[in-house]
Every structure is written in structure tokens, then in C-alpha cells.
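The structure appears below as C-alpha cells.
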């Protein structure tokens, strides 16, 4: 069982503290090797992590924050150090999931109970290395073990799991997702991923054991996801299972708001499962990605490296504003799902910062942006951010050019007009594949307006013969088309969000071919 992961950013090492058969072992992983620490090395690690020379830094909520010689932040309340704050703010915590989880509570009591964190870690040094001595030799010499990891290997791990049913194996195996995930992997992450994929398991729990949750992932048991036990006709099973499985494959970080919302988007794009929760928060992540791009979000969630994400926020806000926004993004998944939590107030604060970021980047008002308008009105459900294998990955569904508004009119005024060259609209098709019903989102072109179906979240782009382009969306609540805005193209620009694979983008400005989870 994994007790914790401590990241030493100075020396670029990750330390995995494992507990098995009443013994504790520590494994150091970096980009060059995997090594099991002996007793003396563990003692030295403890001395490094828990320097007794502390310098007062700041007041944070109810904590007195100090900085030690190893540049770790140390959090004290009433003279007692908080282990959760130490792990969460100096690396990656494996003890940050659910306080009422029986597994979490058991380990929490085991390592912090009634005695100080320093004493517990010091006791680790007195416990012999667990397992056969030959294991250490094998680990030390198996550098290739962490340097290579493929989607085929991950699929094989799923297929050979002795715990999963055949249906679950089909549900979780996803080559496109595994390839995407491995884009952000390195030797350290490979080590974690292999642990997570070792006999992947799905366990159930009752509402009495873990209240107010339909599923969760506890990093203390890295290869297992948990789903609320329900009747056999649970329509949300696949959606909950894929959400939690994505958590299993991610690196942990303190920005729960970002992690949860991105997970729902990724689940939708790669597993084609419905978004069940976090919808108001997902809207804010989409708006944020239009400014800083999805790449920094992927790095945050899959590398565990929050630097690029934090740098992107700092690029468009003052240090004080960036710090405040980042603090909002640390809101826990439990809070986001709590019906008594004021999510509206949280999102209102985030909206203000996003609007400032947009203005500081573009010099324009966010309310004048067609993309942002569509996102905030929840009309951008088919926008693709992460999965470059989808047909509409490069489609913006919106004008992505510098343009000048020259006319506003009713859609009915240009229906099958001689001015129109073509209409382009987003659509969807459903097909059967290996016994599974799959829906794929595409774009279609027509010269006959009557061929365009009026579906929810329906957009049209109108290309006129004089080179101008119009844009409108169908307002389902009002049962009519919004105002058609016609623009003159001034200058073609890059897509509105930064893409990871710019060499694959061709004429990107032209459009081509309900449960709670934690």
C-alpha cells in the first residue's frame, strides 16, 4: 500500500513510501534510476525533509508557515505540524483523498495518530527494507523498465488483470487515451503508472461507508477505483468508472478544481461518456483553456508538474491576482460536490480573473468574443481540447480570424440567398462498433439550408460569395436562431487555443470535413 509520494524538486527525485506486511520501504525514482533506500539513506532523507532550522514565512489561513533549509514549506497550527499540508504543498500527497474513506482513515491513524510526524518518519529508519534482497538488485539494474512504456503494454495490463470482468476490460482499454497520457510520461511517471496498472481493480462501497459520493479514487491503493454499489441497471456505471479510471492514470496535484473538470472533458472526448457533474466548473476550465491552451492543463494533470500551469496564469495576471486565482483552483473535489457549497460565488470570482486574463492577453472585452459567449452559454459541448484523433479536433466551430463586424441580420433573411456560397454546421452520427453504441461528432457542408437539423447546441457558419463569413447559433430555449453576425476577414490567425501539434494544422481557420464523482 502506498503511504505517500514526496517530491524533492531541488534534486528532481520522487520518494515512494510503501507499507506492506507491517514494514515500510522507501523507493527513490528519478530520470536515471530506481533505487530502494537502505536505513542510512532513509535517515538522511528524513534529515533533509525535516530540517529543524525553520524561518518564519507567512500566515496562511490558520497556519503559521515556515520555510526550512530544503525550501520546504512547513505548516503549523497551535504548535503542531500538519502532515497533510506538508505533503500537499511540498510534493504529491497520497493521503489527500477522502477523510471518511476507511482505507484513508486506517493509514492516517497509522502514520499520524497521536504522535508527531517527525517521530513517525524517524521510525521508518528503524524498519528493515521489505522483501527479498534480490529485489533491490533487480530494481537498480532495470533502467529500461522505466524508460519505455507503450499503449500496447497498458492495454495488455488491463486485459490480463485477474480482477476485472471482460466488460470492464473493454470499457477501460483505450489506445487513443493511453497514447495521449503517455505523451506526458517520463521515467518517474512510468514507475507510478506501472504500479497503477498492476492488476487494475474495481471495488464497490456502500453509502454508509463513504457518504455523498458515487465513486472515488484513493491513491493509497493506486491500482483500484471505487464505485458505489447499486442495482444491476445503474445507467451511470460506465461514466463513473471511466472518470475514476482517468484519476488512476493521472499524476496527483493540489489543483482539484482543474483535475476534476479536465477529467470530465477527457472522459467525454476519449471514452464518449456523458458529463455527469461539475458542469458549471467545466465551463470555466474551457474559458481558461481558450486563453492558456489545453497543453498546460494536460501537463498539470499528467506530469504532476504545475509550473507551466502556474506560469501561464502569472503571465496574464499580477502576482497577487495569480496567487488568488490559483488558490481558488485548490478547492477540493468534496467541496465542489457539496450541495451546501457556494459554487456560484466561487465561479463568480474565477470569472473575474478569467476576464482580466483575456483582456491582458488580447486587449479586448471577453464579452465580445464569440467563442467565450458560446462557452459561457454552454453551447460549446462539441469543442475538442485534448483528443487529436477525433475528426473535429482541429475544428473551431467559430471564426478564428481577426475580423470586422459589418452586418447583423436575421438568419431567415439569408436562407438560400444568392449571396451564400455554403453553410457549415456541426452534427453527430451514432453507429455500432463491437457491440457498443458510439456517437461521433462531425461537421457537414450544404448549400441547402433546409438540410440543417435543429439540434441542441447547433451552430452554423455561413460562407458568402464575397468572402465574408457569418456566424449564428440556435437558441433552443427560444426555439429560434440567434442574430447572424457577418464579418469581413482582416487577417487570418492561429486557432483560438494553442495546439500541441501545430505541424498537423492545415488551414485551421476553415472548418473541416448526472452522478457525483470524486
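Quick note: the coordinates plus some simple rules give every number you see, no bench work behind them. As the structure is a prediction and not an experimental result, all values here were calculated from the model. Cβ placement follows ideal geometry from the backbone for every residue including glycine, while neighbour counts extend to all protein chains displayed.
If packing is taken as the average number of other Cβ atoms within 10 Å across a peptide's residues, how do 253-265, 364-376 rank, most packed first?
253-265, 364-376
Net length available on complete extension from residue 335 to residue 230 is 35.4 nm, with 0.36 nm assigned per residue and the Cα-Cα distance removed.
If r is the Cβ-Cβ distance from residue 199 to residue 368 and R0 is 56 Å, what FRET efficiency results, to the nearest 0.05? Before the final figure, lay out the partial values.
Numbers: r = 53 Å, r/R0 = 0.95.
After rounding to 0.05, the efficiency reads 0.60.
Going from the residue with the fewest nearby Cβ atoms within 10 Å to the one with the most, 484, 328 rank 328, 484.
The label-point distance for residue 450 and residue 418, in a model that sets each label 7 Å from Cα toward Cβ, rounds to 2.1 nm. Between residue 56 and residue 323, the FRET efficiency from the beta-carbon distance, with R0 = 25 Å, is close to 0.85. Note on residue 476 and residue 207: the model spin-label points, each 7 Å out from Cα along the C-beta direction, lie 2.8 nm apart. Taking other C-beta atoms within 10 Å as the exposure proxy, 386, 309 rank 386, 309 from fewest upward.
The length gained on full extension between residue 351 and residue 404, counted as 0.36 nm times the residue separation minus their Cα-Cα distance, comes to 16.5 nm. Counting pairs of Cα atoms in segment 194-322, how many percent are more than 25 Å apart? So the portion of pairs separated by more than 25 Å is 30 percent. What the Cβ-Cβ distance of residue 77 and residue 274 gives, at R0 = 56 Å and to the nearest 0.05, is a FRET efficiency of 0.85.
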